[in-house]
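The values are calculated or read from the model by the stated rules, or taken from the named source; none is laboratory data. On a predicted model such as this, the values are computed, not experimentally measured, just so you know. When we count neighbours, we look across all protein chains shown, and the Cβ atoms used for this are built from the backbone with ideal geometry, even at glycine.
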Amino acid sequence: MKASVFPWGSVLVTDDDPASVSLLVSVLAPLSRVRVAVSGERALEICRSPDPPSVVLLDLHLAGLDGFEVCAHLKADPTTANIPVVFVTGAAAHADEERCVALGAADVMSKPVGVGLLALRVRHQLELVRFRQQASAVGRSS
């Protein structure tokens, strides 16, 4: 198997549609380790684990906690607040997109998503995470 471009990070795909999960995983697997959650509750568990994801991809419509609620929980918790959230949803009206950004989302993409653009945007988020980690490490050593 080809080595990931970003072996130091991981992406959590949160979606309850098997076809969407399959597409997202196939696009992101060459970039990073990919984990899947099919509910908002499971996404929060993974994000609060000792090995949280570097980036969360999140659908709006999930059983139980919806994407808005998951994002709000992540951003309200100091241990998960800095994890970038990228909404990938088929149901985003302009008001929904504004709400996503107001909740702290790093990006919003509409389904059907272009696989090249998805890969670029996730790669960008992974790079930003890495730069923040490096800056933080430099700050601690000074």
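Pick from region 53-73 the residues that are without any contact (Cβ under 8 Å) to a residue 60 or more places away in the chain and within 23 Å of residue 120 (Cβ to Cβ): which of them is surrounded by the most Cβ atoms within 10 Å (Cβ to Cβ)? If we take residues in region 53-73 being without any contact (Cβ under 8 Å) to a residue 60 or more places away in the chain and within 23 Å of residue 120 (Cβ to Cβ), then 56 is surrounded by the most Cβ atoms within 10 Å (Cβ to Cβ). Does at least one position in region 90-99 carry a residue that is within 14 Å of the chain's Cα centre (by Cα) and buried (at least 17 other Cβ atoms within 10 Å of the Cβ)? Among the residues of region 90-99, not one is within 14 Å of the chain's Cα centre (by Cα) and buried (at least 17 other Cβ atoms within 10 Å of the Cβ), which makes the answer no. Cβ-Cβ distances below 9 Å connect the following pairs, each with a first residue in region 92-117 that is within 23 Å of residue 27 (Cα to Cα) and of a type in the set (Ser, Thr, Tyr), a second residue that is modelled with pLDDT under 90 and assigned to a loop (DSSP other than H, G, I, E, B), and a separation of six or more residues or different chains: 110/90; 110/91; 110/92.
Regarding residue 35, is this residue surrounded by fewer than 20 Cβ atoms within 10 Å (Cβ to Cβ), at pLDDT 95 or above and farther than 24 Å from residue 117 by Cα? The answer is no for residue 35. Exactly one residue out of 54, 49, 136 is out of contact with any Lys or Arg (no Cβ under 7 Å at 6 or more places or on another chain) and at pLDDT below 90, and it is 136.
Before we move on, is residue 124 part of a helix (DSSP H, G or I), closer than 15 Å to residue 52 by Cβ and modelled with pLDDT of 90 or more? Answer is no for this residue. Number of residues in region 12-21 that are hydroxyl-bearing (Ser, Thr, Tyr) and modelled with pLDDT under 95: the value is 1.
Residue-wise test of (1) surrounded by 15 or more Cβ atoms within 10 Å (Cβ to Cβ); (2) more than 14 Å from the chain's Cα centre (by Cα); (3) modelled with pLDDT under 95; (4) within 23 Å of residue 120 (Cβ to Cβ).
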| residue | (1), (2), (3), (4) |
| --- | --- |
| 4 | yes, yes, yes, yes |
| 7 | no, yes, yes, yes |
| 10 | yes, no, yes, yes |
| 23 | yes, yes, yes, yes |
| 28 | yes, no, yes, yes |
| 31 | yes, no, yes, yes |
| 39 | yes, no, no, no |
| 42 | yes, no, no, no |
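You will find that of 81, 72, the residue that is assigned to a loop (DSSP other than H, G, I, E, B) and modelled with pLDDT of 95 or more is 81 and no other.
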